[in-house]
Amino acid sequence: MRRTAVTIVAVLWSVALVAGSGNLYRYKNDEGVTVIDWQVPPEFADNGYEVLNERGIVIDVVRGALTGEEKANSIESRQRQSEAEAEAERLRAWDESLLRRYSSAADIEAARDRVVDDLRVRIAILKSNRRSLISKAAQHQANIAEAERSGREPAEIDLTAIERARNEIASTENAIEDRQSEVDAVYASYQKDIDRLAELRYLIELRRTMERQTTDVSRD
């Protein structure tokens, strides 16, 4: 399973009384390492943390403590609170959507491939149109060359057709580039979903492990 780039440390010696009865908390310690535990030590609370429910979904984001200057600025303080709430809602909606729609990374890859296949069909059609336009432009260019060899003025219809074909070819090439950019964006977007689902699955399993550990400690 692919993990996030951050090192995740599960603290398994938490107080048994709170294990399994509440949310998990994700925060960074003084070494910058991401820690997941049943509680946030007071010395790290001011750095901010995330609250995870039993499914690993982020249900709240607590920003770090405000600086003295930020506290003095009530507008900035309210803005930070608003941003924290918006981020928590974004993550919650994303996580719930992933767990509802997909059961594995293979499901996400299949959905991604359907979207990509559709875009590649469109690209193929655009490339076919471009070849047709190039062929038509070549024919009109041949007509112009023939007229010039014969000492005649090129027909206006050929000159107009070539100009129109060149514009359409340029437009088609731009559309091909746009569709290819969409393909790249689809891969990047779905990869984020794959990584996020892997993290959620990992967090669910991590919670189960922590609950077993703390249950064993209680029995001892």
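Residue-by-condition table, conditions (1) over 30 Å from residue 57 (Cα atoms); (2) assigned by TED's automatic domain parsing to the domain that holds residue 50; (3) touching a Cys at 6+ places or on another chain (Cβ under 6 Å); (4) small (Gly, Ala, Ser):
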| residue | (1), (2), (3), (4) |
| --- | --- |
| 94 | no, yes, no, no |
| 97 | no, yes, no, yes |
| 125 | yes, no, no, no |
| 148 | yes, no, no, no |
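For residue 137, state whether it is in the same structural domain as residue 116 (by TED's automatic domain parsing) and in contact with a Pro (Cβ under 6 Å, 6 or more places away or on another chain). For residue 137, the condition - in the same structural domain as residue 116 (by TED's automatic domain parsing) and in contact with a Pro (Cβ under 6 Å, 6 or more places away or on another chain) - is not met.
Residue selection: residue 212 fails the criterion of being modelled with pLDDT under 95, closer than 30 Å to residue 100 by Cα and surrounded by 14 or more Cβ atoms within 10 Å (Cβ to Cβ).
When residue 127 is tested against the conditions (1) closer than 23 Å to residue 202 by Cβ; (2) assigned to a helix (DSSP H, G or I); (3) modelled with pLDDT of 90 or more, the lone failure is (1). Just one of the listed residues (149, 164, 208) is within 29 Å of residue 27 (Cα to Cα) and free of Cβ contacts under 8 Å to residues at least 12 places away in the same chain, namely 208. The set of residues in the stretch 89-108 that are of a type in the set (A, V, I, L, M, F, W, C) and either outside any helix (DSSP H, G or I) or farther than 13 Å from residue 192 by Cα (or both) comprises 93, 99, 106.
A Cβ distance below 9 Å, combined with a sequence gap of six or more or placement on separate chains, defines the contacts here; from the stretch 27-54, residues that are closer than 20 Å to residue 90 by Cα reach residues that are surrounded by fewer than 17 Cβ atoms within 10 Å (Cβ to Cβ) and hydroxyl-bearing (Ser, Thr, Tyr) in the pairs 27/34. Do we find a residue being closer than 17 Å to residue 90 by Cα, assigned to a strand (DSSP E or B) and of a type outside the set (Val, Ile, Thr) anywhere in the stretch 55-64? There is at least one residue in the stretch 55-64 that is closer than 17 Å to residue 90 by Cα, assigned to a strand (DSSP E or B) and of a type outside the set (Val, Ile, Thr). Taking residue 45, is it within 25 Å of residue 208 (Cα to Cα) and surrounded by 14 or more Cβ atoms within 10 Å (Cβ to Cβ)? Here the answer is yes, as residue 45 does meet what is asked.
When you look at residue 111, is it surrounded by fewer than 16 Cβ atoms within 10 Å (Cβ to Cβ) and either touching a strand residue (DSSP E or B) at 6+ places or on another chain (Cβ under 6 Å) or touching a residue at least 60 places away in the same chain (Cβ under 8 Å) (or both), yes or no? So residue 111 passes the test.
Going through (1) within 25 Å of the chain's Cα centre (by Cα); (2) in a loop (DSSP other than H, G, I, E, B) one by one, residue 115 falls short only on (2).
Listed here are the residues, each with its yes/no results for (1) aromatic (Phe, Trp, Tyr); (2) under 30 Å from residue 35 (Cα atoms); (3) free of Cβ contacts under 8 Å to residues at least 12 places away in the same chain.
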position: 105; (1), (2), (3): no, yes, no
position: 139; (1), (2), (3): no, no, yes
position: 173; (1), (2), (3): no, no, no
position: 196; (1), (2), (3): no, yes, no
position: 202; (1), (2), (3): yes, yes, no
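Looking across the stretch 130-156, the residues that are in a helix (DSSP H, G or I), touching a helix residue (DSSP H, G or I) at 6+ places or on another chain (Cβ under 8 Å) and not basic (Lys, Arg) come down to 133, 134, 137, 140, 141, 143, 144, 147.
Do we find that residue 120 is touching a Ser or Thr at 6+ places or on another chain (Cβ under 8 Å), modelled with pLDDT of 90 or more and among the basic types (Lys, Arg) in this structure? No.
The values are calculated or read from the model by the stated rules, or taken from the named source; none is laboratory data. Remember, it's a predicted structure, so these values are computed and weren't measured experimentally. Note that we place each Cβ from the backbone using ideal geometry, even for glycine, and neighbour counts take in every protein chain shown.
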